[in-house]
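Encoded as structure tokens, the structure appears first; notes follow it.
The values are calculated or read from the model by the stated rules, or taken from the named source; none is laboratory data. Bear in mind the structure is a predicted one, so any value in this text is a computation, not a measurement. Using ideal geometry, Cβ is built from the backbone for each residue, glycine included, and neighbour counts are taken over all protein chains shown.
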Amino acid sequence: MIEKVGVIGAGQMGSGIAHVCAVSGLQVVLSDLSADQLAKAVAGIAKNLDRQVSKGKLSAEDKDAAMARITTSTDLAIFNDSDLVIEAATESEEVKRQILKALVPNLKPSAIIATNTSSISITRLAAATDRPAQFIGMHFMNPVPVMQLVELIRGIATDDDTFQAIKALTVKLGKTAAIAEDFPAFIVNRILLPMINEAVYTLYEGVGSVEAIDTAMKLGANHPMGPLELADFIGLDTCLSIMQVLYEGLADSKYRPCPLLVKYVEAGWLGRKVGRGFYDYSGPTPRPTR
């Protein structure tokens, strides 16, 4: 029975995962290298809970109870009695492996490890731990409190008890599970990121402007957000790293990252989080950057 959940990484994804776990009645321990980042995450969770209260989705008492279930620490020893730890660090295999190696000595033998990776091999990450049978991919969508889907990905060694426990947890969190096989980028990003990459090629080749491409896909395909606007929201560095995983993992030229996407990342124009990507966010309304 999963009652205490640990979350590693207090960025946008980690904070969102901590938020939904706490609202669902689970004890949550949130860890990050930076105490400042932890303080920022807790403030962000409180703000998002307030928004849910104002919309009538949550009572003020439920909000206070959820906040009381969250504790934070910069020390991985905080996870010594967690039933499940979800790794939600940056989308880099090397970083994730280092975290997992450091985490393992702090866990009780029965603890399950999940990774929130959006593209990296679950089997390879599991092999960096002492418990591949108790390791699984649990890919939440951004923003976590709003998005309904969680992709569940078994590594080659993941046992059925682990899978069933995480599937039951997904339901408890009020989410819907989509079961994916352990191939590069799983389901959502295998389909979504090549579309975004193709939109960048369409811009690169001068077929349409930023505005024309986004308008065309919003009104022509009924997408709530255009692909370039969505790329900025995801983060262009994350988009590029997922395309690289697809390109290297499947060795097919159709997954080659667009040179313009590479250029934007090299320039540090990573999207909304830094105030500039395919749009400039410094003014009252976002303006296309080309």
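Restricting attention to segment 127-134, does a residue exist that is under 30 Å from L250 (Cα atoms) and touching a residue at least 40 places away in the same chain (Cβ under 8 Å)?
Looking for residues that are under 30 Å from L250 (Cα atoms) and touching a residue at least 40 places away in the same chain (Cβ under 8 Å), one finds none in segment 127-134, hence no.
Could you say whether any residue in segment 236-251 is part of a helix (DSSP H, G or I) and in contact with a Gly (Cβ under 7 Å, 6 or more places away or on another chain)?
yes
Residues P288, P259, P224: which one is on the phi < 0 side of the Ramachandran plot and in contact (Cβ under 8 Å) with a residue 60 or more places away in the chain?
From the options P288, P259, P224, the qualifying one is P288.
Table: residues versus (1) surrounded by fewer than 18 Cβ atoms within 10 Å (Cβ to Cβ); (2) without any contact (Cβ under 8 Å) to a residue 12 or more places away in the chain.
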site	(1), (2)
K63	no, no
A68	yes, yes
E87	no, no
L100	no, no
K108	yes, no
M138	no, no
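Residues of segment 34-56 being within 16 Å of S73 (Cβ to Cβ) and either buried (at least 18 other Cβ atoms within 10 Å of the Cβ) or within 18 Å of the chain's Cα centre (by Cα) (or both), which ones?
Correct list: Q37, L38, K40, A41, V42, I45.
From the list A111, A102, A88, exactly one residue is within 26 Å of S24 (Cα to Cα) and more than 15 Å from the chain's Cα centre (by Cα). Which is it? Reasoning before the result, please.
On the way: A102 fails: within 26 Å of S24 (Cα to Cα); A88 fails: more than 15 Å from the chain's Cα centre (by Cα).
On inspection, the qualifying residue turns out to be A111.
With the requirement that a residue be part of a loop (DSSP other than H, G, I, E, B) and surrounded by 19 or more Cβ atoms within 10 Å (Cβ to Cβ), what does segment 154-168 give you?
Here is the first cut: in segment 154-168, the ones part of a loop (DSSP other than H, G, I, E, B) are 155-159.
Within segment 154-168, G155, T158 meet the criteria.
Being farther than 23 Å from A185 by Cβ and among the charged types (D, E, K, R) is the requirement here; does R256 meet it?
no
Restricting the search to segment 1-33, which residues are buried (at least 23 other Cβ atoms within 10 Å of the Cβ) and of a type in the set (D, E, K, R)?
D32 - this is the single residue of segment 1-33 that is buried (at least 23 other Cβ atoms within 10 Å of the Cβ) and of a type in the set (D, E, K, R).
Could you please find all residues in segment 110-120 being small (G, A, S), without any contact (Cβ under 8 Å) to a residue 60 or more places away in the chain and either out of contact with any Gly (no Cβ under 8 Å at 6 or more places or on another chain) or under 19 Å from M243 (Cβ atoms) (or both)?
At the first step, the residues of segment 110-120 found to be small (G, A, S) are 110-111, 114, 118-119.
When the remaining residues are screened for being without any contact (Cβ under 8 Å) to a residue 60 or more places away in the chain, the result is 110-111, 114.
Listed by number, the residues that qualify are S110, A111.
Please find, among S59, S73, the residue that is farther than 20 Å from Q12 by Cβ, surrounded by fewer than 18 Cβ atoms within 10 Å (Cβ to Cβ) and among the polar types (S, T, N, Q).
S59
Does at least one position in segment 180-190 carry a residue that is touching a strand residue (DSSP E or B) at 6+ places or on another chain (Cβ under 8 Å), buried (at least 23 other Cβ atoms within 10 Å of the Cβ), modelled with pLDDT of 95 or more and not in a loop (DSSP other than H, G, I, E, B)?
Among the residues of segment 180-190, not one is touching a strand residue (DSSP E or B) at 6+ places or on another chain (Cβ under 8 Å), buried (at least 23 other Cβ atoms within 10 Å of the Cβ), modelled with pLDDT of 95 or more and not in a loop (DSSP other than H, G, I, E, B), which makes the answer no.
In segment 78-103, what residues are part of a loop (DSSP other than H, G, I, E, B) and in contact with a Ser or Thr (Cβ under 6 Å, 6 or more places away or on another chain)?
Selection gives E91 alone.
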